[in-house]
Amino acid sequence: MKKAMTVLALILVSISAVVAGQPVEKEGAGNAKNAKDHFVIDEHTAIVMTDPQNDFLSEKGKGWGLFGENITKNGTVEHLRQIFDIASQKDMLVFISPHYYYHHDHEWSFEGPVEKMMHENGMFERKGQLTGEGFEGSGADWLDIYKPYINNGKNVIVTAPHKLFGPENNDLILQLRKRGINKVVICGMSGNLCAESHLRELQERGFEAAVVFDATASAKIGEMNADDAAKINFSLLAEKVYTTDEFVKEMQGK
């Protein structure tokens, strides 16, 4: 019981430090943080990027009013570009799990508050599954600065869309398994919803998973800052939480 209480105390200290933006000291084998120092990027590691799309990341996007403050604070747009760039340099696979909605998705009988908001705002709208009509420059499209990386025909795989938050109903996990991937580095939008849901599901399915926190961002609604929730949960769940600078430096050493 005493050992369990000690571990719990260490975890709570770690959470408090993360929320406060302070580094967590490593003070021996009993520190729960030490278990997160063993994530090693190798040939079986890929990047999983959620929703690098205009409706989240463009100042003209339909979600900017909720997400723009934390996107700007975290430097998310530029950090995602840096991740694309280092992945291209190092031939590291990037799996994009996008968000698309079609006409039939608006016929659902029930929906949660965020689903309702996205549907009412027309976020991530596509004309149809079998057409690219109206896609270019739409809210569902990629930011222009990412297109040279996504369209290079080299190392980027775009999966089927996820509809709510996690990858349970798209082909991301199939695509990862078919390429021999068993470790993922997660980034993209939004932090405590899609990115966190992908983290949870991939871990449940047996993947080792890390997160690049400042290459994500979450909503800020009044006094509620969902980035705080993301920081806490990433700290508790992910095997490692990188900054973009840390991730890029580690990749440069490969």
* Answer rounded, prolate or oblate for the range 38-252, using the Cα gyration tensor with square roots of eigenvalues a ≥ b ≥ c: rounded when a/c is under 1.5, else prolate when a/b is larger than b/c, else oblate. => rounded
* To do: With only Lys, Arg, Asp and Glu charged, each at its Cβ (+1 for the first two, -1 for the last two), find how big the charge dipole of the range 38-252 is about the Cα centre; round to the nearest 20 debye.
  => 420 debye
* Could you tell me which of the pairs Lys178/Lys249; Lys73/Lys127; Lys183/Lys220; Lys90/Lys154; Lys90/Lys163; Lys60/Lys249 are separated by over 22 angstrom between their Cα atoms in the structure shown? => Lys178/Lys249; Lys73/Lys127; Lys183/Lys220; Lys90/Lys163; Lys60/Lys249
* Taking a spot 7 Å from the Cα of Leu237 along the direction of its beta carbon, which residues of the range 171-192 have an amide N less than 20 Å from it? -> 171-177, 182-192
* To do: Place +1 on the Cβ of every Lys and Arg and -1 on the Cβ of every Asp and Glu in the range 38-252, take the dipole about the Cα centre, and give the residue among Met49, Ile173, Ile186 whose Cα lies farthest towards its positive end.
  => Ile173
* Rank by packing, highest mean first: peptides 46-54, 221-229, 87-95, 194-202, with packing defined as the count of other Cβ atoms within 10 Å averaged across residues. => 46-54, 194-202, 87-95, 221-229
* Asked: For the range 183-254, what class follows from the C-alpha gyration tensor (a ≥ b ≥ c being the square roots of its eigenvalues): rounded when a/c is under 1.5, otherwise prolate if a/b is larger than b/c, else oblate?
  -> oblate
* Asked: Any idea what the relative contact order of the range 38-252 is, in percent, if you count C-alpha pairs under 8 Å spaced at least 6 apart?
  -> 28 percent
* To do: Give the residues of the range 74-105 whose amide nitrogen is closer than 19 Å to a point set 7 Å from the Cα of Lys254 in the direction of its Cβ.
  => 79-97
* To do: Quick one: which residues, 5+ away or cross-chain, put their amide H under 5 Å from the amide H of Tyr242? H built at 1.01 Å from N.
  => Val211, Val212, Phe213
* Structure fact -> A correct fewest-to-most ranking of Thr131, Thr243 by other Cβ atoms within 10 Å would be Thr131, Thr243
* Structure fact -> A chain fully extended from Thr72 to Glu204 at 0.36 nm per residue, minus the present Cα-Cα distance, gains in nm 44.4 nm
* Set the Förster radius R0 to 30 Å, insert the Cβ-Cβ distance between Asn169 and Ser138 as r into 1/(1 + (r/R0)^6), and round the FRET efficiency to 0.05. => 0.85
* Asked: Which distance in nm do the two modelled labels at Ser109 and His38 give, with both placed 7 Å along the Cα-to-Cβ direction?
  -> 4.7 nm
* Asked: Non-local amide H neighbours of Val185 (under 5 Å, H modeled in plane, Pro and chain starts lacking H): which ones?
  -> Ala46, Ile47, Val48, Ala210
* Structure fact -> Using alpha-carbon positions, the gyration tensor of the range 67-111 gives root eigenvalues a ≥ b ≥ c; with a/c under 1.5 called rounded, otherwise prolate if a/b exceeds b/c, else oblate, the class is oblate
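Values quoted throughout were computed directly from the atomic coordinates according to the rules given, and no laboratory measurement underlies them. It should be emphasised that the depicted structure is a prediction, and the values quoted were computed from it without experimental measurement. For neighbour counting, all protein chains shown are included, and Cβ atoms are generated from backbone atoms with ideal geometry for every residue, glycine included.
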